1. Which of Ile325, Ile74, Ile27 has the fewest other C-beta atoms within 10 Å, and how do the rest follow up to the most?
2. Give me the lysines in straight-line cross-link reach of Lys289: C-alpha distance below 22 Å, same-chain residues under 8 apart excluded.
3. Determine, for each peptide in 221-234, 274-287, the mean count of other beta carbons within 10 angstrom over its residues, then list the peptides with the highest first.
4. In whole Å, what is the distance between the alpha-carbon centres of region 241-282 and region 1-25?
5. Given Cα pairs under 8 Å that are at least 6 residues apart, what percent is the relative contact order of region 316-380?
6. Put +1 on the Cβ of every Lys and Arg and -1 on every Asp and Glu Cβ in region 316-380; which of Ile325, Val359, Ala337 then has its Cα farthest towards the positive end of the dipole?
7. Give me the Å³ per residue figure for the convex hull around the C-alpha atoms of region 316-380.
8. Test of understanding: ordering Val298, Val345 by Cβ neighbours within 10 Å, fewest first, what list do you get?
Amino acid sequence: MATKLRNVVSALKRSHAKYEESAKNDIMLALSQFPDLFPDVENFAFPNCNAMPTFRLKGVIPVIHKGASYNIPIALYLSDAHPYYAPMCYVCPTPNMMVKESKNVDKSGRIYLPYLTEWRFPGYDLAGLLQVMAISFQDNSPVFAKSSDRSRQNISNKPPNQVGYTPYPTSMPVSGVNGVMPPYPLSTNCTPQPTYQPYSSPYPSFTSQSSGSMSGTVDASHLKESLLSAVGDKIRQKLREKLETVYLELESVKETQKELENGKQKLKQYIDELNNAQTQMETTLNVYKEKKATLNSVLESCKSDSSVDIDAVIDACTPLHKQIIRCYAQDCTIDDAIYFLGKAVKQGRMSLSEYLREVRQLSRKQFVYRATLQKGRQKAGLPV
């Protein structure tokens, strides 16, 4: 069973299943009751879609027909949204067998059952589908053997109490199955054809119940087994219907819990960011309070002394910085002097020759101040 579990998980990953955990549980439950089915991946075309890798369960299911047990070959194709969408099911006859048309099986082998059309998870699952399929095949076998005209005549001349159904062969090379199987209709008449891959593993042989049961009679044990199977299926169906609402609510609660967990992580992240911002603000506030207290103390000391010179208060802390301030002040003063000399010339208060002489002298001084200011800023590490 562990090997099948690994194969199922691998096939689900290759077929890109959307609900891998739910699909795995549903498939493993079916395989526990029908061990002759085997998982694989096959290119298959669903309605309105191109061929894509699709999960496939292929093998045989035991069916009691007219007192004898036969292995009926079937194939189930699961969509990537399984188990929330019904699978597409087919009968897979061997080259020496033919599909027997009925209300449940068409000539291409496609299987029609109310269980499929009414499919709704979690009320319906693969195990229940296979059980319903086995019960429906008990009354009307989906396959029969190809035979010559003589053998058909001999079969038709048999008395009514003889068995007219040819058992399914003990081994079935599925590599010969190349028939066209249109997918199960969902909401369109489009019937794309699947592409089958060779499969060389033979099906297990059928098991006869007893030599007396082959005569066509049904004894009490067969009736009991059939009734128990039918009653069990009905009980399981009713139980699924009762639990369907609970399962849906549980799924909704799980989704809500997942969203709440994600919201919790986001809130925690936001709270951490706010705590960091609060810590930074508290640090900045403490620095501000210290600076404010220092300024208040300086202001209090200045209020008591009215003879303080404002020029003495605003001063540099080093001789180099004092020189920079002095040169900058002289530079600005010379700019103002040149400006007012120009206004004096315009107003006729001084001659042009006097203006040029004064401007030349002031410009020489300004050049010296500016050069000294630039060198001082370089020494102090200030931008030039």
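1. Placing the least packed residue first, the sequence is Ile325, Ile74, Ile27.
2. Lys303
3. Top of the packing list down: 221-234, 274-287.
4. Between the Cα centre of region 241-282 and that of region 1-25, the gap is 29 Å.
5. Value for region 316-380: 54 percent.
6. Ile325
7. Per residue, the Cα convex hull of region 316-380 comes to 64 Å³.
8. Val298, Val345
Read-outs: derived from the displayed coordinates by stated rules, not from any lab. Since this is a predicted model, take the numbers as computed values, not measurements. Glycine also receives a Cβ, built like all others from the backbone with ideal geometry; neighbour counts cover every protein chain displayed.
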